[in-house]
Amino acid sequence: MNRGQIAPSILSADFASLSAELERISNADWAHIDVMDAHFVPNLTLGLPVVEALQKVTPIPLDCHLMIEDPDRWAPAYAEAGAGSVTFHIEAARDPRHLARTLRAAGARASMALKPATPFEPYEELLPEVDMVLVMTVEPGFGGQSFMADQMPKVAQVREAVRRHGGEIWVQVDGGVSAATIEQCAEAGADVFVAGSAVYGAESAAGAVDELRALASAHLA
């Protein structure tokens with residue numbers, strides 16, 4: 001991968017017109033789907049039936065971020081529904097190694113997510129099992145939060161570990177990513193960027209995607 005990948009979060013889109021909202025970001029690399037269960041995080045959003053419906057109309061692959069309890073039980077269904085990437089939270093998974101292998105076997109990229117307070121070191125050994133590591137740059141559960149720049153050392157730590165281990169493992173950031181923050185994320189080592197209001201709050205969502213991609217690409221570590 002030689003450029004920054006942009007994954008707009010539909011959490012900031014118009015839920016009454018999701019098919020049209022996906023078309024607005026058809027130049028993006030992924031559509032980021034935030035699945036929340038009101039247990040692992042305090043908010044409740046869409047779930048598997050909506051993802052199954054979106055999969056039928058999306059012009060780009062779906063990147064499902066599962067902020068849910070018991071992902072070992074529920075996450076494989078998202079891969080089976082056709083999601084291109086499925087992210088589970090390491091804090092919630094009972095057997096992350098087996099879960100990652102199950103997601104891959106179902107045809108999806110497997111990703112583990114880390115909340116801001118969760119250290120990366122205990123999970124470095126899982127790198128051979130995953131295709132992406134998501135470093136949260138806000139507390140998961142709500143859109144529109146302020147970017148946490150203090151997570152950049154963790155991004156750099158993950159990137160360095162990926163270099164040591166080899167393989168093409170992506171490093172994703174999610175939370176408060178905008179034209180003002182994406183460069184420092186790229187410089188720290190991220191190469192996949194989730195942006196919600198920075199894309200859907202712009203006059204042209206597609207234009208915002210292009211701008212963010214250009215900014216990230218110019219500063220990729």
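The values are calculated or read from the model by the stated rules, or taken from the named source; none is laboratory data. Just so it is clear, the model here is predicted, and its values are computed rather than measured. For neighbour counting, all protein chains shown are included, and Cβ atoms are generated from backbone atoms with ideal geometry for every residue, glycine included.
Some observations on this one:
- Applying the condition of being modelled with pLDDT of 95 or more and in a strand (DSSP E or B) to the stretch 38-68 and asking which residue is surrounded by the fewest Cβ atoms within 10 Å (Cβ to Cβ) yields 62.
- Within the stretch 143-180, the set of residues being touching a residue at least 60 places away in the same chain (Cβ under 8 Å), more than 18 Å from residue 118 (Cα to Cα) and surrounded by 14 or more Cβ atoms within 10 Å (Cβ to Cβ) comprises 143, 170.
- Selection within the stretch 120-142 - touching a His at 6+ places or on another chain (Cβ under 9 Å), surrounded by 14 or more Cβ atoms within 10 Å (Cβ to Cβ), over 16 Å from residue 174 (Cβ atoms) and not charged (D, E, K, R): 127
- Selected residue (criterion: surrounded by the most Cβ atoms within 10 Å (Cβ to Cβ)) from residues of the stretch 20-37 that are under 15 Å from residue 142 (Cβ atoms), in contact (Cβ under 8 Å) with a residue 40 or more places away in the chain and out of contact with any helix residue (DSSP H, G or I) (no Cβ under 6 Å at 6 or more places or on another chain): 32
- Filtering the stretch 38-63 to residues that are over 22 Å from residue 6 (Cβ atoms) and over 17 Å from the mean Cα position of the chain (by Cα) leaves 38, 39, 42, 43, 44, 49, 52, 53, 56.
- Test: residue 77 is surrounded by 15 or more Cβ atoms within 10 Å (Cβ to Cβ) and over 17 Å from the mean Cα position of the chain (by Cα): yes
- Residue identified as farther than 20 Å from residue 7 by Cβ and at pLDDT 95 or above among 124, 183: 124
- For residue 139, the conditions (1) at pLDDT 95 or above; (2) charged (D, E, K, R); (3) in a loop (DSSP other than H, G, I, E, B) all hold with the exception of (1).
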